[in-house]
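Worksheet: one structure, shown below.
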Amino acid sequence: MLTSGLSSQVGASVAAQAFPVIGPVGVVAVRQWMAAVVLFAIGRPRLHKLTARQWRPVLGLALVFAVMNVSLYTAIDRVGLGLAVTLEFLGPLAVALLGSRRVIDLVCALVAAPAVLVLTRPQATTDYFGVAVGLLAAVCWACYILLNRTVGRELPGATGAAAAATVSGLAYVPVGIVVLHHHPPTPAAIAYALTAGVLSSAVPFLVDLLALRRVPAQFFGVFMSINPVLAAFVGYIVLQQHLAVLDWIAIGVIVAANCVALEAGRRATSQTGSSRRVRRSSRRAEQSR
């Protein structure tokens, strides 16, 4: 999950370099194509062998791939990075709050949420369309978490992510052709967008799929609050964007909330494993008698 978040934020910093030339939609199109090529080569999905039950979550994930990034970039363009990121975080936060069965997850999510607000510094806006697409990005992120978990159960390896990325990449072919025709790309812009495709799409899609096979969706939702922290560090290191004291306090709160959630999850897993071992030992003892 740390790899996914860090890769996404570094990729976003690279993608921003191409915005002035081909715009957010052009960057997303090239990203989707690159992600499709990389994941198809890794997963090698046999699309003709997928059943109808397997196709349903794959197509849902493909739709999320197609909409999630372009809605976020459009929101950033209209209402600014702070408010857009805050609106998008409502998605994983909702997954964490609605799906949790443990009080500790709820507490960690509620503690992390205001710290994210402080870190992103959202400003008031009357751009209702920008707010709407920001909320759409939040819905997509929540669906991404849930669908990726389902795809991970239904399909082995990277097959599901590869199939979804391929479908999404094909859907962006006509969109990308039109956008790039009206905004002729430079070699540098294409290079930035392709790099972003690997770092912000291919790597997170694959790593998130693997992560969601091992951790509950609600914990994944809590842990996603680490993304603004990673964004702050990437901005500080790569873009030389210095942070105020209040930002560092917010980062500390988010990191602490994630550490508590992680430790609680580890203990719960250990206790569950111990209980299962005890039950298996009891059954073996009864069978031997």
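The values are calculated or read from the model by the stated rules, or taken from the named source; none is laboratory data. Everything quoted here is computed from the prediction, not taken from an experiment. Glycine gets a Cβ as well: all are built from the backbone with ideal geometry, and neighbour counts include every protein chain shown.
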Filtering the stretch 116-150 for residues that are assigned to a helix (DSSP H, G or I) and either at pLDDT below 80 or not small (Gly, Ala, Ser) (or both) leaves a count of 22
Checked pairs for the stretch 26-40, first under 11 Å from Thr195 (Cα atoms), second outside any helix (DSSP H, G or I) and not basic (Lys, Arg), C-beta under 9 Å and 6 or more apart or across chains, list as Val30/Pro185
Restricted to the stretch 212-225 and to residues being of a type outside the set (Phe, Trp, Tyr) and buried (at least 22 other Cβ atoms within 10 Å of the Cβ), the residue farthest from Gly91 (Cα to Cα) is Leu212
- Message: Against the definition (out of contact with any Ser or Thr (no Cβ under 8 Å at 6 or more places or on another chain), in contact (Cβ under 8 Å) with a residue 60 or more places away in the chain, within 19 Å of Gln17 (Cα to Cα) and aliphatic (A, V, I, L, M)), how does Leu206 come out, yes or no?
- Response: no
Among helices (runs of 4 or more DSSP H) entirely within the stretch 184-289, at least 1 residues that are at pLDDT below 75 and among the β-branched types (Val, Ile, Thr) occur in 217-223, 226-238, 245-288
The correct count of residues that are among the small types (Gly, Ala, Ser), more than 13 Å from the chain's Cα centre (by Cα) and at pLDDT below 85 in the stretch 1-31 is 3
